[in-house]
Amino acid sequence: MGWYNLKNMMNYASWTRRLKIRHLEIFSTLVSSGSQSAAADMLNMTQPALSKWLRELEQDIGAPLFLRGKTLRLTTLGVQFLGFAEKVLGEAESISDRMEAMRQGRAGRLRIGVLHAVVSELLPTAILRFRATAPKVSIAVTEDTLVPLLDALLRRELDVVIGRIQGAVLQGIRSEELYEEQVVAVVRASHPLRLAARPNWAAAREYPWLVTPQGTPMRTRFESEFVNAGVRFPEDLIESRSVVVNETLLRHTDMITLFSRHVAPYYTKNGVLTELALPMTGKLGPVGLYFSDDEPTPTLSRFAALVRELATNQAGPAPLDISKMT
């Protein structure tokens, strides 16, 4: 009969192409049951049909897989075939589990774009809560200004962008509003205006200001508040988008700046910086989600639903309590 091994066996392409997962399951059941009659009962097959199937398989392979007797015992080749069957069945089960997890949004990847100006408790809270139920999802966060993020969304390099909703969006992108963003002024805790009973814009004009570049929503809001108060714009301005530079300047000078109400706690949580009760006449505009026109994956759908849930309170998402989520 000669020696056979799995490598030689796999050279018989004609029968390997006919081999199916079901055949490997039948073979595995034969091994575990130890007899054709017991295996036939477990597989809901007749014993003659099972015997015929095994005989044809061994004919295709060109060698017996079992030694017949009171119980079935594997031949040397049968042992190798069993290892092959177990490996394939294990991989098939793993693939099935992964596909089901992806179908339910519990696996896959999630690429999120976000504006620094709207980074608040919303996104960190959403990520931690999402990972609590979908730990196998790979998450990547990219922070940038809106135009580069939307370009990346169009190139399918991002799955979703969280940012301000600004007028008409690009073709191929759809948007969804979550909540209206309010604005607050922030200064260092020892700022002279903190001693005023009712700070006003005329007094605030006398101090240097940190502002965002022209044309940004926050710069427009800054200018609108001075116009609405009937006060000329301050002359001492520094334009900056840098988180580190802004925080350092605010800590060590009497500069004033505007933040969204959801971003301000990031700067004021340690008590060195604080909100200044300047009266505001308007809001910054809506914060929302941007998607491509593609059908969302289950993973993206689950994440978006969680973000919507967190944003339902118009005052913004609940404070982040990491201790309860890790």
Practice problem: Check cross-link reach from K52 to the aspartates and glutamates: straight Cα distance under 18 Å, and skip same-chain residues fewer than eight apart. | Solution: E25, D41, D60
Quiz item: How high is the relative contact order of the stretch 158-297, in percent, with contacts defined as C-alpha pairs under 8 Å that are six or more residues apart?
Solution: 50 percent
Quiz item: Packing-wise, with mean Cβ within 10 Å as the measure, how do 53-66, 153-166, 134-147 rank, highest first?
Solution: 153-166, 53-66, 134-147
Self-check item: Mean separation of Cα contacts under 8 Å (6+ apart) over length of the stretch 106-218, as relative contact order %
Solution: 26 percent
Practice problem: May I ask you to order 219-225, 194-200 by the average number of other C-beta atoms within 10 Å around their residues, highest value first? | Solution: 219-225, 194-200
Quiz item: By counting other Cβ atoms within 10 Å of each Cβ, how are K269, K283 ranked from fewest to most?
Solution: K269, K283
Self-check item: Packing-based exposure ordering (other Cβ within 10 Å, fewest first) of R251, R22
Solution: R22, R251
Quiz item: Reachable aspartates and glutamates from K269, Cα under 18 Å, same-chain residues fewer than 8 places away excluded?
Solution: E121, E247, D321
Quiz item: Among S260, S51, which comes first, then next, by fewest other beta-carbon atoms within 10 Å?
Solution: S51, S260
Quiz prompt | Spatially proximal aspartates and glutamates relative to K70 (Cα-Cα < 16 Å; intrachain offsets below 8 disregarded) | solution = none
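Quick note: the coordinates plus some simple rules give every number you see, no bench work behind them. Quick caveat: nothing in here was measured; it's all calculated off a predicted structure. No Cβ is skipped: glycine too gets one built from the backbone with ideal geometry, and neighbour counts run over all protein chains shown.
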